[in-house]
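Below you'll find the structure, written out as structure tokens, and then a few comments.
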């Protein structure tokens, strides 16, 4: 049996998925990155290797997410792609009629506009991470509610409290204020969900035409409160795919399949990378005034890659 | 006698006028000192003196001034109010000499000719004559220097229109001191994609701000179209249909170029490099966006500011090129089958 592996290493979660030649998802994993992408990838690979059918051959590997380069060097990727393309490829496979993808992850949020199965426009949050998963996590912790209960609390609200959504600093002080004047927790949480949705629609999705079918994915899609706030604000049905939190990885697997279509041998180093001692070191190049931050990647004692330089001197060193 | 040293900061209007300014001063016998290419450090030095609220390219010029102030007898920082018959530059550009003079101590004297192309007396030629007079050159000497400078400038503009990369041209000019006829880049490389890149020249061509955008586009096998490639008449033609003329001279060029690239279907995608807190960009960018939507062309605005990280920039650029490429090949396929 043959399959393709997709790896999506984001700021908060590390996701893996394996598809077969027909594009069926055989297995997938969702793990927290905990600030250590190398370990997270190894751990996820270890877990996924136990689920794979016996004698499974990995014919291609794709990586995506903000640590796509690191993951790609580590496992030997055949294709390294940005997360926007990966998400769009994954989603359109399951939803050929999708015309809008709302994606909210740990630290970034995107909107992808699709027409006739092709990406025609997209936007990504810039410097501000207001309304992404990390902020919700932080607020759940502050309120002492497990994050997976957050959405349920919101749905129980009868009348939501008005919370400012422009900025997390204001949102938080608003929430504290509402809690001190006696609003109940459910209403505050529902208000927060609405504020995040407003913020998303006014910033990330500004000027974009949100047409149905609308697919909502990324880690935050697990939150029913946000889903219902989106539906309320847009007046349209929002679909959450079964694989909402690993869609990037699935897309990367499809990209790997596309890449290997013409034949050729995969660069995948095999599941042995689980046991390799991989490490990175960053150093500042002093050769010119740009002072680029170079990342040195080594397996065992051997340096296998450099990146981060603008002139290419380090990258081409090996 | 040691020749007089005139310092030109490598920022803002440098990317538009350097061949002219440089030739003018050299023909007068002065030595031209240009600050080093932009780096993070140059910018950070600029932060110390620049006002908090100004845009990042203005902050950058402060760093460049600092880089050369102790190596020159004069700093050359013209005050450009208008470079065509109808519009204005932004107030930052018009007040630039004062902004620098009163924010930085111990500067050498600043040569700050007032340039306003709307009136006969304040055109560039006249403004530079006044600079010449101030430096004690006679009328004939400055006239001759200006006409040499103009020659080089015309050649600069002609070659940009021919599609030679602006950065290659300026670099070659800096090395040789003049333009030579040797070809710099293949005129019409047959890239797999054609990408339009618009924006203020000082944002597009600054080595720190553009994150090697042009290099990345070339690596992606794209040929590049910038506003400099488009003739003034074409720009005028496209803007004539607007209800009123665009007020800002630099914005006018960007908008006209964008309209041309989009409507004549020259490019497979358009990128606008904007700058946070730029008033002109905030007006022009939406206009470009609306037109791109109408023409159903892939379009992206990339914004630069002090916090711009390379990660987000590269992700956006890659995704944009994927979008443009997939759409292009899809429509090529459709054309072939129909």
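Here, each number is a calculation from the coordinates, and none is a lab measurement. Keep in mind it's a predicted model, so treat the numbers as computed, not measured. With ideal geometry, Cβ positions are generated from the backbone for all residues, glycine too; neighbour counts draw on all protein chains shown.
For segment B:74-147, rounded, prolate or oblate, judged on the Cα gyration tensor with a ≥ b ≥ c (square roots of eigenvalues), a/c < 1.5 rounded, else prolate if a/b > b/c?
Values: a/c = 3.36, a/b = 1.10, b/c = 3.04.
Taking the square roots of the gyration eigenvalues as a ≥ b ≥ c, segment B:74-147 is oblate.
What fraction of the DSSP beta bridges in chain A is antiparallel, stated in percent and rounded to the nearest 5?
70
Which whole number gives the average count of other chain Cβ atoms within 10 Å of the Cβ atoms across peptide B:33-42?
2
Pull out a ≥ b ≥ c, the square roots of the eigenvalues of the alpha-carbon gyration tensor of the protein assembly as shown, then state rounded if a/c is under 1.5, prolate if not and a/b is larger than b/c, and oblate in the remaining case.
prolate
Given the rule -39500 (n - 2.57) for each run of at least 4 DSSP H residues, summed and divided by the residues of chain A, what is its mean residue ellipticity at 222 nm, to the nearest 500 deg cm²/dmol?
Using -39500 (n - 2.57) per qualifying helix, the result is -10500 deg cm²/dmol.
I need the calculated FRET efficiency for the pair residue B:106 and residue B:192, taking r as the beta carbon distance and R₀ as 45 Å, to the nearest 0.05.
Once rounded, the FRET efficiency stands at 0.25.
Among the DSSP beta bridges whose two residues both lie in segment A:96-240, what percent are antiparallel, rounded to the nearest 5?
Bridges in segment A:96-240 that DSSP calls antiparallel: roughly 65 percent.
Rounding to the nearest 10 and keeping the result within 0 to 90°, find how far the Cα-based axis of helix B:310-337 lies from the longest principal axis of chain B.
50
Label segment A:17-143 by shape, choosing from rounded, prolate and oblate, from the square roots a ≥ b ≥ c of the eigenvalues of the Cα gyration tensor; if a/c is under 1.5 it is rounded, and otherwise prolate applies when a/b is larger than b/c, oblate when it is not.
It is oblate, given that a/c is not under 1.5 and a/b is not larger than b/c.
Taking the Cβ of each residue in B:243, A:265 as the centre, tally the other Cβ atoms inside 10 Å and list the residues starting with the fewest.
Working: B:243 4, A:265 9.
With the sparsest Cβ surroundings first, the list reads B:243, A:265.
In degrees from 0 to 90, rounded to the nearest 10, what is the angle of the helix A:168-180 Cα long axis to the longest principal axis of chain A?
Between helix and principal axis, roughly 40 degrees.
Divide by every residue of chain B the summed helix terms, -39500 (n - 2.57) for each DSSP H run of at least 4, and state the resulting mean residue ellipticity at 222 nm, rounded to the nearest 500 deg cm²/dmol.
On the way: 14 runs with 168 residues, N = 338.
Here the helix-only value at 222 nm equals -15500 deg cm²/dmol.
By how many degrees, 0 to 90 and rounded to 10, does the Cα axis of helix A:37-51 deviate from the longest principal axis of chain A?
Tilt of helix A:37-51: around 80 degrees.
Hey, with R₀ at 25 Å, roughly what FRET efficiency would residue A:142 and residue A:39 work out to, going by the Cβ-Cβ distance, to 0.05?
0.35
Between residue A:258 and residue B:305, what is the FRET efficiency for a Förster distance of 25 Å, r being their Cβ-Cβ separation, to the nearest 0.05?
In this case the efficiency is close to 0.10.
Taking each residue of B:319-327 in turn, how many C-beta atoms of other protein chains fall within 10 Å of its C-beta, and what is the average? Mind showing how you got there, number by number?
Details: counts 13, 6, 2, 10, 10, 2, 1, 7, 5.
Whole-number average of other-chain Cβ neighbours for B:319-327 is 6.
Looking only at the protein assembly as shown, where both bridge partners belong to it, what percent of the DSSP beta bridges are antiparallel (to the nearest 5)? Please report the intermediate quantities before stating the final value.
Working: 37 of 79 bridges.
Taking every DSSP beta bridge within the protein assembly as shown, about 45 percent pair in antiparallel fashion.
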